[in-house]
Structure formats: C-alpha cells, structure tokens
Amino acid sequence: MKTIVQKSAIPDSKVLVVKRLEELNFDPNLHLHPEYQLFLVLNGGGTRFIGDNIKQFNPGDLVFTGPNLPHLWRNDPADNKKSSKTLGIVIYFPENFLGDIINIKDELENIRLLFEKAGRGLEIHGKTNKIVSKMMQELLPAKGALRIIILLQILNTIADSLDCMPITHVNYIPINNRTESDRMNKIYDYIMKNFRHKINLKVIAELINMTPTSFSRYFKSRVNKSFSDFLKELRIDYARKFLNENKISINSVSYDSGYTTLSNFNKQFKEVTGKTPLQYRNEYLNIRSKNL
C-alpha cells in the first residue's frame, strides 16, 4: 500500500448506492471518500482500521463512517481461502444528501447530530444492529423513492439508538496530506504482515526514514497510544478470535498471536481484557452454550 486511495462511490444520477459485496477478500487498501458509508459484514473475519482505531471484525460487524475518514477491512491470513468468500452490504450517500433542510428543520435534528457523530465513526451493536441489518437487506432490491425512504428509516433508527459507540479517539488527528497517508500505510502494512512475529522497532522506523525514538513519538501522536500498546492490543484481539472458536490449545493461540512464551501471553492478555485466556475462553463457551 503506497498511499490512501481516494474513491468516489456515487454516480451523479443517483442519490445513493447500495451494493452486496461478494469477494474473496474485502478491500485491503486504506482509502477514503467524500460520502457517508454504512457497512455490514455478513461473512468473513479479519482486522479493520478506522481512523486511529484498529479492531478485529466478524460477521455482524456494522459501522457507520463520515466523509473522508480513512478505513479498511483486511481479512486475516486464515480467511484467505477460495472456499470461503467474504460477504457484506455497503451503502454510500453524499454529504449533501438532505441539502440545507437538515440544518433548519426540527424534524431532522436527530439525523444532523448523527452526521456529526459519524465523523469519528460509529460501531452499532445490540438490538439496533439487528434492526438496521434487516433494513439493509430490504434496501438491496428496493427501487425508486422506496430506496430513499428505507435509508431515512435506517438513519432515524441509528440516530435514536443508544447502541452506537464512537470508534476513533476524541482527539483523533485526521490524515490530511499525502506524506501522512504514505507513512501510515507503510506502518499498517508492515504491522499486518508481521504482527505474529517479533517486530524490531528499528526496522519499522526505517520504513518511514525515522529513528526509533522519533518513530515512537510520531506513532503515539497519530494513534493516541504507544506502539507497544498498539501491537499488544492487536495481538490480543487476534487471539480472542481463536479462543472463541475453541479449536486449538491456548498455547498454540499464544504462539500464533506472536508470543514466544505462554507466561507473557497470559500477562498481556489479562492486562487488556482483565481475564486470563482460560477464563476468557470458559466464560465465552459458557455464554454460548446457554444461548444454544
């Protein structure tokens, strides 16, 4: 990845675009566009980057992003199989979707506030997630004005919900020039290819022509956390997915997530989650068995 890809998603003749995505992998390139985007993952798993946030995604992941917020959904290596396609639904609509009326009419106040919040990205959970996911499915075959009506219903549902959490930090600094985008793309690309192995700070710093000390300061200023904490959280998020599946031993999960000793994995896992890997797995399996 050399730079952020700038995309324009909507033809001039349309108010919105809705697509069902069916690919081997979701778009692995960090990109941005001037439209609002609502994205639902139906099948597939991996890591998503939104602004200064990085997190594992799975089916059911539902995210609303505002204009020009950099993002990508990258599948984990284990998911890169021809027999396992990734599926999703994406909706794009422009920043001026409702024109000036949104700023002057009381009935649209909740949606205006929603658009402001979308600048940080919103992750949608709970009952709202299920309702909106169903409406997105209904929007796919809809024609004419019904498409706009359903979109307004979706936005109104999200705007009135308490199930939405901001994604980026409140003091997130947007990437606003080519130099910044080049640097962050190189960093993210290297991390995603190597986080399951030992990462040398000097090597990654040299990728963007910095000393290790300068890189550490730069990274923290962009991501609001130290590089070591960022890497730790990425590895633990990756480990949680395999602990949930209960298919491999905790020792194997530890090794596959980039840890050379089980004791260090246990320590860092508890620092991030408040639980040991065994406690986490047992609690998850217990909850899942009760819901079957």
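The values are calculated or read from the model by the stated rules, or taken from the named source; none is laboratory data. Note that the structure is predicted; figures quoted are calculated from it, not measured. Positions of Cβ are generated from backbone atoms using ideal geometry, with glycine treated the same way; all protein chains shown enter the neighbour counts. SASA here: full protein model, heavy atoms, side chains in, ligands and nucleic acids out. Shrake-Rupley method; radii C 1.70, N 1.55, O 1.52, S 1.80 Å.
Collect the residues in the range 118-141 that are surrounded by 15 or more Cβ atoms within 10 Å (Cβ to Cβ) and more than 18 Å from Asp163 (Cβ to Cβ), keeping them in residue-number order.
Gly119, Leu139
Report yes if Lys241 is closer than 23 Å to Arg48 by Cα, open to solvent by less than 60 Å² (accessible area, probe 1.4 Å) and in a loop (DSSP other than H, G, I, E, B), otherwise no.
no
Taking the criterion of being open to solvent by 20 Å² or more (accessible area, probe 1.4 Å) and in a strand (DSSP E or B), would at least one residue in the range 105-117 satisfy it?
no
May I ask you to list the residues in the range 202-234 that are buried (at least 16 other Cβ atoms within 10 Å of the Cβ) and hydrophobic (A, V, I, L, M, F, W, C)?
Ile204, Ala205, Ile208, Met210, Phe215, Phe219, Val223, Phe227, Phe230, Leu231, Leu234
How many of the residues making up the range 268-292 are out of contact with any helix residue (DSSP H, G or I) (no Cβ under 7 Å at 6 or more places or on another chain) and more than 20 Å from Lys55 (Cα to Cα)?
Result for the range 268-292: 11.
Taking the range 244-273 on its own, how many of its residues are part of a helix (DSSP H, G or I), of a type in the set (S, T, N, Q) and over 22 Å from the mean Cα position of the chain (by Cα)?
Final tally of qualifying residues: 7.
Every residue in the range 44-64 that is in a strand (DSSP E or B) and free of Cβ contacts under 8 Å to residues at least 60 places away in the same chain, please.
Gly46, Arg48, Phe57
Looking only at residues in the range 75-104 that are open to solvent by less than 70 Å² (accessible area, probe 1.4 Å) and among the β-branched types (Val, Ile, Thr), which one is modelled with the lowest pLDDT?
Filtering the range 75-104 for residues that are open to solvent by less than 70 Å² (accessible area, probe 1.4 Å) and among the β-branched types (Val, Ile, Thr), the one modelled with the lowest pLDDT comes out as Ile102.
When you go through (1) over 30 Å from Asn110 (Cβ atoms); (2) in contact with a helix residue (DSSP H, G or I) (Cβ under 6 Å, 6 or more places away or on another chain); (3) open to solvent by less than 40 Å² (accessible area, probe 1.4 Å) one by one for Lys186, which number turns out not to apply?
Here Lys186 meets the rest and fails (3).
Does Val253 satisfy the criteria of being touching a helix residue (DSSP H, G or I) at 6+ places or on another chain (Cβ under 9 Å), open to solvent by 50 Å² or more (accessible area, probe 1.4 Å) and among the aliphatic types (A, V, I, L, M)? Spell out how you get there, then give the answer.
On the way: touching a helix residue (DSSP H, G or I) at 6+ places or on another chain (Cβ under 9 Å): yes; open to solvent by 50 Å² or more (accessible area, probe 1.4 Å): no; among the aliphatic types (A, V, I, L, M): yes.
The answer is no for Val253.
In the range 202-222, is there at least one residue being outside any loop (DSSP other than H, G, I, E, B) and at pLDDT below 85?
Yes, some residue in the range 202-222 is outside any loop (DSSP other than H, G, I, E, B) and at pLDDT below 85.
Can you name the helices (runs of 4 or more DSSP H) wholly within the range 122-201 that have at least 2 residues being touching a residue at least 24 places away in the same chain (Cβ under 8 Å), farther than 26 Å from Pro94 by Cβ and out of contact with any Gly (no Cβ under 8 Å at 6 or more places or on another chain)?
Of the helices (runs of 4 or more DSSP H) lying wholly inside the range 122-201, those with at least 2 residues that are touching a residue at least 24 places away in the same chain (Cβ under 8 Å), farther than 26 Å from Pro94 by Cβ and out of contact with any Gly (no Cβ under 8 Å at 6 or more places or on another chain) span 126-139, 178-194.
Count, please, the residues in the range 274-284 that happen to be outside any loop (DSSP other than H, G, I, E, B) and either open to solvent by less than 40 Å² (accessible area, probe 1.4 Å) or polar (S, T, N, Q) (or both).
Adding up the residues that qualify gives 4.
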